[in-house]
Amino acid sequence: MTTTAPAPADVPHAESSRGALRALLPALRAHRATALRTALAALAEHAFLAALVTLAAHTVGAALTEQDPPAPWTVVLLVALVAGRALATWREMDLSHDLAYRVLAVLRVRVFDGLARSAPARVAGRRSGDLAATAMADVEALEFFYAHTTAQLLASTVVFTASGAVLAVVEPWLLAIVLPAALLLPAGALLEGRARAARGARTRAAAARLSADAVDTVDGLRELLAFGALPRRRALLADRGTELGRAQRAEAGWEALASALRDALVVTAVLGVVAVTAHAVTAGRLSGPWAPATLALALAALAPVAESAQALARAAALRPAAQRVRAAVLAAPSAPPPADPVPLPPGPLGLRLRGVRFGYGGPLVLDGLDLTVPPGRTLALVGASGAGKTTCAQLLARFWDPEAGRLELVPGTGAPVDLRAVADAELRRAVALVGQDAPLFHGTLADNLRLAVPEADDAELARVAALCGVDRIAAGLPGGMAGLVGERGATLSGGQRSRVALARALLVRPRVLVLDESTAQLDTASEARLAEALAEGAAERVTVVIAHRPATIRRADRIAVLEGGRVVEEGTWAELTARPGALCRLLDRGPLPGPAGGAVS
């Protein structure tokens with residue numbers, strides 16, 4: 001049994017998501033030129049529209065009230081404004097989406113980097129569908145924010161300011177009518193932002209649950225069919241879909257109501273403009289052609305403000321997605337990189353653990369662990385389930401850092417090097433961990449072997465393949481080493497996946513090899529053959545074997561028994577079985593049952 005840390009809550013409350021969108025604005029810094037061109041295109045689009053409708057209304061008003069036909073230059077200008085508006089609209093759409101997709105491409109990588117940097121702390125206990133929702137769906141949802149919010153807000157502000165100034169000059173009371181509406185439109189969106197964010201959070205959470213359950217269903221389809229559980233699973237997915245549909249309908253319903261209120265506010269303002277314009281015409285302050293022109297200009301001034309208010313409202317619903325993305329991007333590393341890396345000396349390395357304490361943020365799993373393994377030796381680490389064996393393996397791979405104590409790589413000559421002082425790339429070449437669950441990637445067998453050493457040539461690949469029996473696996477695949485293994489190695493058995501994982505680690509030529517129940521899914525004869533293969537090169541590395549099987553434990557040079565987070569007994573097989581002790585008690589109880597006749601750690 002492997003102890004894991006509690007998963008962080010990534011579906012935030014509306015309160016915690018405030019400011020999440022603002023925090024993502026710095027992503028635009030790398031695209032300043034495109035962002036500026038987008039804003040200018042949006043400004044030109046709204047400006048052309050305001051000029052077009054105002055001039056058109058004035059021209060029609062002059063023709064109706066003064067029987068003054070439009071001059072040729074007026075017709076030319078109207079045509080130019082129509083063409084300019086069309087061109088600006090196309091350009092704004094092209095630039096805004098180009099900008100958004102460029103930013104999203106960078107954000108996806110940063111989200112992945114954050115998940116990788118904080119793994120396994122952030123991934124522990126998380127479902128793959130939920131992680132996919134953050135990495136893909138949440139990032140994709142931000143397209144609207146980057147494409148339709150920032151440039152529109154800037155453009156609508158400039159256009160309204162200019163239009164308002166013209167209205168104030170023509171008839172001051174017109175500005176007094178449109179200004180309150182222009183202020184209320186975005187204010188309403190901002191005031192309702194918290195409730196909208198809460199509804200958005202419910203929708204995103206429901207979508208994440210549906211995604212997670214769908215991925216689980218696809219991954220476990222064979223088991224669901226084998227045990228007749230598919231109808232129940234189908235019902236669960238239907239319930240998840242209903243839950244998501246309910247959240248989406250609630251969100252859409254409130255959006256429809258808000259849109260209707262915005263339209264009502266604009267119409268009310270326009271009616272006020274009509275009344276003021278009529279009074280101004282009657283009083284002689286406005287000539288006939290300017291009456292329809294002021295109406296058109298007031299509407300042209302309010303239209304982009306209404307669009308911006310709608311964009312603000314939609315952006316508020318994106319706060320939960322933005323918060324999840326921000327949390328992933330800014331995730332603290334579970335094992336921070338060293339500020340001043342120390343290079344590892346060449347040659348074999350030993351291991352030393354001194355006073356190691358660790359508890360995943362809770363009760364201590366390791367409590368003052370001391371352990372030393374000289375270079376070229378094989379150590380079997382044994383203990384009851386939950387004794388901390390897998391935790392040791394994860395600390396040696398530096399997935400976590402200890403809360404106290406040190407884990408050191410000890411060269412034959414020179415000072416020991418703390419794992420925390422080694423650069424990650426060098427550490428991965430020096431220390432290799434092979435776990436019981438060794439998923440493969442959808443691709444060829446050769447690609448999976450070359451995961452850590454992409455530059456490995458065919459001769460080296462053939463060497464480790466023959467060493468671990470992977471050559472026999474390749475012989476059974478169409479295409480041999482170029483044969484596809486399927487998603488998570490679905491075309492291979494558990495034992496075959498273990499062989500591939502071990503060969504993948506040996507291809508690195510690690511100086512420390514940690515095997516965490518990696519042979520648990522092999523039969524006894526296969527495990528014995530693999531043990532013979534591991535003997536090659538064993539004198540040049542430290543091998544730590546976490547196991548329950550007596551045959552596996554017996555092969556080790558030394559055995560360390562964990563109890564209560566400490567080594568309570570250490571020695572050779574002969575020494576530890578010659579007297580009653582922790583190992584004998586453990587063997588009398590027998591190995592805990594595990595998958596495929598193996599054991600769990």
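The values are calculated or read from the model by the stated rules, or taken from the named source; none is laboratory data. Because the structure is predicted, anything quoted here is derived from the model rather than measured. Note that each Cβ is placed from the backbone with ideal geometry, even for glycine, and that neighbours are counted across all protein chains shown.
For the reader, a short list of remarks on this structure follows.
- Scan of the stretch 499-523 for residues that are over 31 Å from the mean Cα position of the chain (by Cα), of a type outside the set (A, V, I, L, M, F, W, C) and at pLDDT below 85, ordered by number: T519, Q521, D523
Residues are listed down the side, and each one gets a yes or a no for (1) under 27 Å from the mean Cα position of the chain (by Cα); (2) assigned by TED's automatic domain parsing to the domain that holds D113; (3) surrounded by 18 or more Cβ atoms within 10 Å (Cβ to Cβ):
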residue	(1), (2), (3)
V382	no, no, yes
S385	no, no, no
A404	no, no, no
L407	no, no, yes
G412	no, no, no
A415	no, no, no
A425	yes, no, no
R428	yes, no, no
V434	yes, no, yes
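- The number of residues in the stretch 272-297 that are within 11 Å of E171 (Cα to Cα) and among the polar types (S, T, N, Q) comes to 2.
- Close pairs (8 angstrom Cβ cut-off, 6 or more residues apart or separate chains): farther than 19 Å from E255 by Cα in the stretch 311-325, of a type in the set (S, T, N, Q) and not in a helix (DSSP H, G or I) anywhere: A322/S17; Q323/S16; Q323/S17
- Condition broken by P231, with the remaining ones in (1) under 21 Å from V325 (Cα atoms); (2) over 25 Å from the mean Cα position of the chain (by Cα) satisfied: (1)
- Residue in the stretch 351-370 that is farthest from G565 (Cα to Cα), counting only those that are crowded, with 20+ Cβ neighbours inside 10 Å and touching a Leu at 6+ places or on another chain (Cβ under 9 Å): L351
- The residue of the stretch 212-225 that is farthest from the chain's Cα centre (by Cα), among those that are over 21 Å from D138 (Cα atoms) and in a helix (DSSP H, G or I), is L225.
- Residue within the stretch 330-347 that is under 26 Å from G571 (Cα atoms), in contact with a helix residue (DSSP H, G or I) (Cβ under 7 Å, 6 or more places away or on another chain) and crowded, with 16+ Cβ neighbours inside 10 Å present: no
- Taking every residue in the stretch 177-198 that is surrounded by fewer than 23 Cβ atoms within 10 Å (Cβ to Cβ) and pairing it with any residue that is not in a helix (DSSP H, G or I), at least 6 positions away or on another chain, the pairs with Cβ-Cβ distances below 8 Å are R194/A14; R194/E15; R194/R18; A195/A14; A198/H13; A198/A14.
- Filter result for the condition that a residue is in a helix (DSSP H, G or I) and either charged (D, E, K, R) or in contact (Cβ under 8 Å) with a residue 24 or more places away in the chain (or both), over A335, A296: A296
- From the list E243, E223, the one residue that fits, being out of contact with any Ser or Thr (no Cβ under 7 Å at 6 or more places or on another chain), crowded, with 16+ Cβ neighbours inside 10 Å and among the acidic types (D, E), is E243.
- Subset of the stretch 32-66 (residues that are among the basic types (K, R) and either under 18 Å from M93 (Cβ atoms) or crowded, with 21+ Cβ neighbours inside 10 Å (or both)): R37
- From the options V270, V342, V274, residue that is hydrophobic (A, V, I, L, M, F, W, C), farther than 30 Å from A147 by Cβ, over 29 Å from the mean Cα position of the chain (by Cα) and part of a helix (DSSP H, G or I): V274
- Pair list, Cβ under 7 Å, 6 or more apart: the stretch 477-505 residue more than 15 Å from S518 (Cα to Cα), other residue of a type in the set (K, R): G489/R497
- The listed residue being surrounded by 21 or more Cβ atoms within 10 Å (Cβ to Cβ), under 41 Å from the mean Cα position of the chain (by Cα) and either assigned by TED's automatic domain parsing to the domain that holds L24 or modelled with pLDDT under 85 (or both), out of A260, A311, A264, A303: A311
- Hey, T524 polar (S, T, N, Q), more than 29 Å from R377 (Cα to Cα) and in contact with a helix residue (DSSP H, G or I) (Cβ under 8 Å, 6 or more places away or on another chain) or not: no
- Hits in the stretch 530-549 (condition: in contact with a helix residue (DSSP H, G or I) (Cβ under 8 Å, 6 or more places away or on another chain) and either outside the structural domain of G368 (by TED's automatic domain parsing) or at pLDDT 85 or above (or both)): T543, V544, V545, I546
- Residue check, T74 crowded, with 19+ Cβ neighbours inside 10 Å, of a type in the set (S, T, Y), at pLDDT 75 or above and assigned to a helix (DSSP H, G or I): no
- Test for R488: is it part of a helix (DSSP H, G or I), modelled with pLDDT under 85 and either surrounded by fewer than 17 Cβ atoms within 10 Å (Cβ to Cβ) or outside the structural domain of A531 (by TED's automatic domain parsing) (or both): yes
- Just one of (1) without any contact (Cβ under 8 Å) to a residue 24 or more places away in the chain; (2) charged (D, E, K, R); (3) assigned to a helix (DSSP H, G or I) fails for D437. It is (3).
- You will find that of G241, G228, G245, G253, the residue that is outside any helix (DSSP H, G or I) and farther than 30 Å from L154 by Cβ is G228 and no other.
- The listed residues are F145, F160, and the only one of them that is under 21 Å from L265 (Cβ atoms), in contact (Cβ under 8 Å) with a residue 40 or more places away in the chain and crowded, with 16+ Cβ neighbours inside 10 Å turns out to be F160.
- Residue that is modelled with the highest pLDDT, among those in the stretch 55-71 that are closer than 17 Å to L286 by Cβ and of a type outside the set (A, V, I, L, M, F, W, C): T59
- Criterion applied to G272, G245, G253, G241 was being in contact (Cβ under 8 Å) with a residue 24 or more places away in the chain and under 30 Å from A212 (Cβ atoms), and the one residue passing it is G241.
- The stretch 144-163: number of residues that are of a type in the set (V, I, T) and under 13 Å from A44 (Cβ atoms): 2
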